[in-house]
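So the structure is just underneath, and the comments pick up after that.
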Amino acid sequence: MRIKDKVVSSFIKNIIIPRNEIIDTPGFIILKISMQKEVANIRELLLPESMFAEIESEIIKKYKNKGENALYSTGKKFCFRYGLISQYPTTENIKNHSNFSYFLVRYLEAIYSSKIEHKIDYKKKIFNMKMWDYIVCRNNGIGLIFSDGAGAGLISYAFSNPNIEGVQVKCQGRGDRYCEIICAPQETLKKMKIKFLSETNMNNLELEESYNDINSIRKTEYSRTSFQDLINTRFFTQRTGIIKHNDERFLLLESSIMYILEDELKKLKSADKLLFNISFKYGKKLVEKESKENFEMFIMDFLGASGFGDILILEEKRKYKVIIRYFPWSRWVESTDFTMIRGIISGMLSRFLGKKIILKKVEKDISQGYFSVVFEE
């Protein structure tokens with residue numbers, strides 16, 4: 001076994017497995033984390049890398065600096081929240097954090113990159129990371145969500161300092177030999193003469209009180225396929241942690257990414273329409289090589305295996321309705337329009353049916369103790 005594989009295996013054995021990653025249950029991808037009084041069911045989703053690359057490119061093209069700020073804020077809040085709900089070690093105990101960081105970086109190296117080097121200056125609160133073939137930015141030269149923002153979020157959490165920001169000073173997608181992120185307090189970045197984006201509001205990102213109960217695993221009725229099933233049948237390939245279907249790479253992400261992204265883009269006029277159109281385009285592309293025979297079951301099984309819950313597709317009076325029980329719930333559900341997932345399903349249906357299907361009506365329900373959402377034309 002290669003050194004990299006040994007390190008990743010050690011991380012999985014000592015960190016991932018004790019928290020119990022569940023991938024063999026239709027409708028759910030769950031990371032179980034032991035809290036002080038209970039076990040938290042962290043809902044995760046499989047989402048495509050190319051869609052995030054397109055979102056970043058199109059948002060910046062249209063909204064310039066305001067778009068950059070929205071994308072950066074998305075990444076920083078998402079990863080700050082992930083550190084919180086995963087209960088990652090902080091720098092209160094530097095030795096523990098240093099040991100954990102080593103294995104975390106090795107894990108990220110396995111699933112997001114071909115090689116990563118990192119350094120932490122605990123006294124100056126400076127984090128430096130170099131990555132080769134890193135996700136998203138390798139395709140668009142941007143990477144504000146999962147490079148600049150994500151780095152800032154994790155390091156801000158680690159140092160309990162929301163004023164720490166992240167900057168990707170080099171990027172292979174911009175022609176550099178590798179990607180490099182520097183995270184440091186704002187005043188330090190100013191002294192280093194590094195321009196940076198800022199997001200310091202890290203409030204209300206902790207695990208919601210009802211999150212555990214609402215997101216608990218339940219038996220699905222319509223979605224029959226798990227993520228593990230799609231790996232076993234080689235619909236998804238998984239080599240050293242990299243998940244792919246055909247030529248598309250998929251990222252396993254905590255489900256709040258879609259909520260936080262939509263929440264930040266709502267600050268930009270008509271950005272929700274742009275997000276829908278990009279998601280729609282991806283949905284069509286995803287199924288362009290799939291058989292039209294029994295297409296409803298394909299969508300139901302694929303999205304269920306990707307962690308979206310129990311999906312039922314109905315045709316009523318020549319219009320389509322999509323019912324999703326056990327959809328991943330978070331505090332943002334009341335303010336969201338589910339733009340990304342509506343776009344993806346609309347695109348999939350449109351490709352299969354050969355006509356444009358737009359799911360625009362949204363109905364939400366939590367009265368049964370779990371979260372359900374209904375989309376209609």
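By the scheme Lys and Arg +1, Asp and Glu -1, what is the net charge of all other residues having a beta-carbon under 14 Å from that of K266?
Numbers: positive: K66, K77, K267, K269, K273; negative: E262, D263, E264, D272, E334, D337.
Here the charged neighbours net out to -1.
With just the Cα atoms of the chain, tell me how far they stretch along each of the three principal axes, in Å, largest first.
65, 44, 40 Å, listed from the longest principal axis down.
When only alpha-carbon atoms are used, what values of Rg and Dmax, in angstrom, describe region 3-191?
16.7, 51
Obtain the nm distance between the two label points defined at K191 and Y102 by a simple spin-label model: each point lies 7 Å from its Cα along the Cα-to-C-beta direction.
In this crude label model, K191 to Y102 measures out at 2.8 nm.
Using alpha-carbon positions, what is the distance between the centroids of region 217-276 and region 27-94, in Å?
Cα centroid of region 217-276 versus Cα centroid of region 27-94: 13 Å apart.
Under the 0.36 nm per residue contour assumption, what length would be gained going from the current alpha-carbon distance of K356 and E376 to full extension?
Once the chain is fully extended between K356 and E376, it gains 5.9 nm.
Give me the angle, in degrees from 0 to 90, between the Cα long axis of helix 271-286 and the longest principal axis of the Cα atoms of the chain, rounded to the nearest 10.
Here the helix axis deviates by roughly 70 degrees.
If you take the Cα Rg of region 36-148 and divide it by 2.2 N^0.38 Å, with N the number of residues, what do you get?
For region 36-148, the normalised Cα radius of gyration comes out at 1.19.
Please tell me the relative contact order of the chain in percent, rounded to the nearest whole number, where contacts are Cα pairs under 8 Å and at least six residues apart.
This gives 20 percent for the chain.
Give me log10 I(q)/I(0) at q = 0.21, 0.23 Å⁻¹ for region 139-204, Debye formula, one equal scatterer per alpha-carbon, no solvent.
-0.81, -0.94
Can you give me the angle between helix 295-305 and the longest principal axis of the chain, using Cα atoms only, in degrees from 0 to 90, rounded to the nearest 10?
30
So if each residue of separation counts as 0.36 nm, and I subtract the Cα-Cα distance between E206 and I231, what length gain in nm does that give?
The span from E206 to I231 would gain 5.8 nm if fully extended.
Any of K32/K289; K62/K364; K77/K124; K244/K317; K244/K284; K64/K355 with alpha carbons more than 29 Å apart? Name them for me.
Result: K32/K289; K62/K364; K244/K317; K64/K355 exceed 29 Å.
Per 0.36 nm of contour for each residue apart, how much would the distance between K273 and K64 grow if the chain were fully extended, relative to their Cα-Cα spacing?
73.6 nm
Separation between the L84 and K289 pseudo-spin-labels, each 7 Å from Cα along Cα→Cβ, expressed in nm?
4.0
Can you compute the modelled spin-label distance between Q368 and K119, with each label point 7 Å from Cα toward Cβ, in nm?
About 5.6 nm, to one decimal.
Over region 3-191, what relative contact order in percent results from Cα pairs under 8 Å that are six or more residues apart?
Over region 3-191, the number comes to 20 percent.
Coordinate-derived values only; no laboratory data. Bear in mind that the values here come from a model prediction, so they are computed numbers and not experimental data. Cβ atoms come from the backbone with ideal geometry, glycine included; neighbour counts cover every protein chain shown.
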